[in-house]
Amino acid sequence: MSYDIYKINPEFRDIMPQEIIDLEEKATWSSFREKPRGIKEISETKELLEEHSLCAGCPEAMALRYVLASLPTPEETVIVNSTGCTSLMFPHIALHTVHSLFGNQNAVASGIKRVLEWRFPDRQKDVVVLAGDGATVDIGLDYTLQSFFRQEKLTTICFDNEVYANTGGQESGMTAKGQVFKMAPTGKKFEKVPMWELAKTSGCHYSVNITASAPKAVAKVVREAILIAREIGPTFINIYTPCILEIGLNANDGLGEMKEQDKERFQLYKYVSPEAEAYLAQCKEKGLL
Ligand SMILES: Cc1ncc(C[n+]2csc(CCOP(=O)(O)OP(=O)(O)O)c2C)c(N)n1
Ligand code: SF4
Ligand SMILES: [Mg+2]
């Protein structure tokens, strides 16, 4: 199967910045690569332009690279995203992406998945939602949950920075109790919504809460979630990707913050339904994991 999904028009090649050429030649799904792709290659490959428009050192950009490097079949994957800092990265990657109206991402993804199944019955198409906590758990919560209730075969990944970052710092349901932001000066009055538990209760066959501190751990859950969504039903991953700007950290402090939270508020939570567990065992036997 070809990974040749991103090609520069030959007539424009000579005026393209090296970064763009690198994205074609060094992406792990690029056709020049013979080896199987994966997270181990991340230091020598490229899925996301370094000159993206997020703040320097933003953990969301880090997490996106890990997610992209972990997709089982990138050329057959459609990513649906929503407005927010996350959405600023998507023009800088070499993959099929759809930008939906803020909050609508799981409704749009459900439609795309159904049409792809109908249009390409012989091909395994993965639809992955990638959106912020404001989009997933706040304004879009109804659509998120409805896609779980309907057992849509999607993977939903929430980049949880615990704030509406792109609009300057309003609190979301995922903000921790007591947290103050520029545009939420009186402090959050109630606890963070445990979305990973809500996902389980609402019908997800796989639900994880994790930080983006360890690339291999992120890769493992992304792969498992996408494989389960293919056969069994909806899957959910909440990834803590702190907004270093809004919590007053420097560009190189994001990793340290995530490592600290691995031991505190973001200790690994993982739920796998019995059906999904059995399916993962089959995947392991087939060498898919
Ligand atoms: C329909 C609609 N409502 C509101 C907005 C304004 N808006 C843009 S980004 C954003 C916040 C996004 O927060 P989150 O989903 O947590 O992503 P983050 O920026 O934190 O990564 C909001 C409210 C919009 N663009 N469209
Ligand atoms: S505002 Fe926060 S979440 Fe947005 S790019 Fe900057 S550090 Fe990342
Ligand atoms: Mg957010």
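The values are calculated or read from the model by the stated rules, or taken from the named source; none is laboratory data. Please read these numbers as outputs of a predicted model, since none were measured by experiment. Note: ideal-geometry Cβ built from the backbone for every residue, glycine included; neighbour counts use all protein chains shown.
Scanning segment 119-139 for residues that are crowded, with 21+ Cβ neighbours inside 10 Å and more than 16 Å from ligand 3 (Cβ to nearest atom) gives 126, 127, 128. Within segment 140-169, the only residue that satisfies the criterion of being within 13 Å of ligand 1 (Cβ to nearest atom), among the hydrophobic types (A, V, I, L, M, F, W, C) and either over 27 Å from residue 68 (Cβ atoms) or surrounded by fewer than 21 Cβ atoms within 10 Å (Cβ to Cβ) (or both) is 141. The strands (runs of 3 or more DSSP E) located wholly in segment 170-289 that include 3 or more residues which are surrounded by fewer than 19 Cβ atoms within 10 Å (Cβ to Cβ) occupy 269-272. Does residue 115 fit the bill of being free of Cβ contacts under 8 Å to residues at least 12 places away in the same chain and either within 16 Å of ligand 2 (Cβ to nearest atom) or not in a loop (DSSP other than H, G, I, E, B) (or both)? It is true that residue 115 is free of Cβ contacts under 8 Å to residues at least 12 places away in the same chain and either within 16 Å of ligand 2 (Cβ to nearest atom) or not in a loop (DSSP other than H, G, I, E, B) (or both). The residues in segment 92-111 that are part of a helix (DSSP H, G or I) and either buried (at least 21 other Cβ atoms within 10 Å of the Cβ) or touching a Leu at 6+ places or on another chain (Cβ under 9 Å) (or both) can be counted, and the count is 6.
Output yes when any residue across segment 39-59 is within 13 Å of ligand 1 (Cβ to nearest atom), closer than 18 Å to residue 156 by Cβ and modelled with pLDDT of 90 or more, and no when none is. No - not one qualifying residue is present in segment 39-59. Of all residues in segment 130-182, those satisfying the criterion of being among the β-branched types (Val, Ile, Thr) and under 24 Å from residue 97 (Cβ atoms) are 136, 137, 139, 144, 155, 156, 157, 163, 167. Just one of the listed residues (64, 68, 88) is surrounded by 20 or more Cβ atoms within 10 Å (Cβ to Cβ) and in contact (Cβ under 8 Å) with a residue 60 or more places away in the chain, and it is 64. Listed conditions (1) farther than 22 Å from residue 278 by Cβ; (2) assigned to a helix (DSSP H, G or I); (3) more than 16 Å from ligand 3 (Cβ to nearest atom) are all met by residue 148, apart from (1).
Restricted to segment 65-108, and to residues there that are among the aliphatic types (A, V, I, L, M) and within 11 Å of ligand 2 (Cβ to nearest atom), the residue that is farthest from residue 255 (Cα to Cα) is 88.
Residues in segment 83-97 that are of a type in the set (Ser, Thr, Tyr) and near ligand 1 (Cβ under 8 Å from one of its atoms): 83, 86, 87.
The selection criterion, being under 17 Å from the mean Cα position of the chain (by Cα), closer than 22 Å to residue 245 by Cα and of a type in the set (Gly, Ala, Ser), does not hold for residue 219. Within segment 172-185, the set of residues being within 14 Å of ligand 2 (Cβ to nearest atom), within 24 Å of the chain's Cα centre (by Cα) and of a type outside the set (Val, Ile, Thr) comprises 172, 174.
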